[in-house]
Amino acid sequence: MADTATSTLHVELVAADRTVWSGEAAMIVARTLDGDIGVLRGHAPTLSLLSASVVEIQVADSNHLVVAAVDGGFLSVANDRVSILAERVEMAEDIELSQARIDLEEARRLLDSNNEAEQRVRHAEARIRAAEKVS
């Protein structure tokens, strides 16, 4: 069996106010401003801006998938260490899907009257996608 410390990625999923998840992972999938990125062990050093989207972390040595909605932020990859930093991070299992749908409709109604509404729409859509992945 491979040494876990050298066959996995060490991942930190961090919100502005706390570390949301930390551990060993086999793979990470996230959406950057340039498109989706998948990160495996040995990935080239990368620093990317994240869009409001879903982050998926395949936990090492298990079938468990950590799914979270982020409101943008940064993804840093170096030496098999991945840092995902965002102002807000919500774990999919903590998102109330019906409330996220209400929030999305409210944000869509505000699109014409508010410059922040577009960001609210993208964040609400990411929350719904994250919650649907675990329901």
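Values quoted throughout were computed directly from the atomic coordinates according to the rules given, and no laboratory measurement underlies them. The model shown is predicted, which means the values in this text are computed figures rather than measured ones. Quick reminder, even Gly has a Cβ in these numbers, built from the backbone with ideal geometry, and neighbours come from all protein chains shown.
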Contact order relative to length of segment 30-135, as percent, for alpha carbon pairs under 8 angstrom and 6 or more apart: 26 percent
Between 0 and 90°, nearest 10: helix 117-134 axis offset from the chain longest Cα axis: 50 degrees
Packing rank of 18-29, 83-94, where each peptide gets the mean count of other beta carbons within 10 Å, highest leading: 83-94, 18-29
Nearest-ten-degree value, helix 97-109 long axis tilted from longest Cα axis of the chain: 50 degrees
Length gained when the stretch Glu132-Arg108 is fully extended (0.36 nm per residue, less Cα-Cα span): 6.7 nm
